[in-house]
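Reviewing the structure listed below.
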Amino acid sequence: MYQIGYTTGTFDLLHQGHFEILKKCKFYCQKLIVGLVSDELGIRQKRQPVLTYQHRKDILENSKYVDSVVIFEGSTKQEDFQKLGFDILFISDEYYQKEEYSSFEHDYPNIPVIYFPRTVEISTSDIFKDIVLRTIKDTTKKSHGIYGNLMSVKWKNDKNIIIKPINVSEREFTNTANCYYLPVPPPRNWKINMFSQENHPNIPGVNANRELLIHNKLKDKDWYPGFEIQEKSQFTKIYEDFIFGEDIQLEEKIKIMERERQVYGKTFWLLQKDGGITLSSYLVLNKECDINSLYMKVRKIIEELSELDIVHADIHPGNILVDEKENVSLIDFGWCYHKSFDMDDIEREHYRVMLRDNFDLYHFRESLVFEGLEEKIPDILL
């Protein structure tokens, strides 16, 4: 029996095949050292490991076949030999006659290299592929958003999470200002008589970065469904810079803004708990529900927002979710305001008026009228 054996690998999502190889390695030596591929090397070689280096290391160190785990960052086997002093080397037969090992055999002919056949019935890639396919199978379109579909994915205990894409342009990402010089319009769905008959632009706010920042202020609230933001892409520059001026028409400004968000921007995923169905759908499906009770829950949420100096500014039945237990959630904070935001005098005055007059609640009533749900207006708003 040899004194010290050595093998390297990623050992991601450890499975039966991994332990079979480790068992064979241990059979030949008194001490087995595993050179565990680092996260960075794993990315360069194939893909980012599902489990982190520390997670994989902890699992291997608890295997009865492994005596020691060292990090492997791409050194040659000759360098590993000089450092570890092993007297037998193990590897999968897929590396047979590969330069990495044939050069070691040439330089150290007295150190045996054992090539073990792979377990053909299972592999980490197969497991990973199966997870991806299951995720795709369990993913459905929840609704259509401005930046694409909002997707519903099955999560723990058959609970769903919602993935909402948010595009933020490079111009917006480092600030909260109205950096495209849009006139301060009412939100895209404020088409009721008290403002204008005009069909306002279908955009998620003057600066998409605001929704990301508000998430950090609300993520611990039990009525707020968002729980995590993931960055999905980096800035990419395709078109030349645009020149902005006061004479550009609103429609053209919006086109420029949306174009920059897509080709210069970052895409983020806002992960949200599934809060149920929209209030408008709930009222149609549950004609005997207590609208006054639901309204008071919405009012409590708005009061909490006011205490945080936040104005939602786009409350309507489509942005209020109700679950089967009549828990209420508030979503879609693209048109929100906060006192910390960089606002010009006109926009800041809008914010002050809405915060002072609790305008969100009045808009709740008017939006019910607009959607043809007059009979569902809470008594307190009549």
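Here, each number is a calculation from the coordinates, and none is a lab measurement. Only a predicted model underlies this, so the values are computations on that prediction, with no experimental measurement involved. Methodologically, a virtual Cβ is constructed for each residue, glycine included, from the backbone with ideal geometry; neighbour enumeration extends over all protein chains shown.
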Mean-position separation - Cα centroids, region 261-280 and region 1-46, in angstrom: 41
Potential lengthening between LYS98 and GLU288 on full extension [0.36 nm per residue; Cα-Cα distance subtracted]: 61.1 nm
Dipole of the chain, positive end: most advanced residue of GLY42, SER306, SER293 [Cβ charges, Cα centre]: GLY42
FRET efficiency, ILE127 to TRP269 (Cβ-Cβ, R0 41 Å, nearest 0.05): 0.95
Ranking of ASP332, ASP314, ASP222 by count of other Cβ atoms within 10 Å, fewest first: ASP222, ASP332, ASP314
Which labelled figure in [x] 186; [y] 290; [z] 140 is volume of the Cα convex hull per residue in Å³, once derived from the coordinates: [x]
Gain in span if fully extended, LYS83 to GLU231, counting 0.36 nm per residue against the direct Cα distance: 49.3 nm
Selection from LEU218, TYR96, LEU13 lying farthest towards where the dipole of the chain points positive, charges on Cβ: TYR96
Those residues of region 46-67 whose amide nitrogen sits under 14 Å from the label point placed on ILE4, 7 Å along Cα→Cβ: 67
For HIS15, HIS312, HIS106, order by how many other beta-carbon atoms lie within 10 Å, fewest first: HIS106, HIS15, HIS312
LYS325-LYS141 FRET efficiency (beta carbon distance; Förster radius 30 Å; 0.05 resolution): 0.75
Of LYS232/LYS325; LYS98/LYS129; LYS141/LYS297; LYS266/LYS287; LYS26/LYS137; LYS287/LYS339, pairs whose Cα-Cα distance is over 31 Å: LYS232/LYS325; LYS266/LYS287; LYS26/LYS137; LYS287/LYS339
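For each of MET1, MET296, MET354, count neighbouring Cβ atoms within 10 Å of the residue's Cβ, then give the residues from fewest to most.
MET1, MET296, MET354
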For region 2-127: rounded, prolate or oblate by the Cα gyration tensor [a/c cutoff 1.5]: rounded
Two-site FRET efficiency, TYR108 against LYS154, from Cβ-Cβ distance with R₀ of 41 Å, rounded to 0.05: 0.20
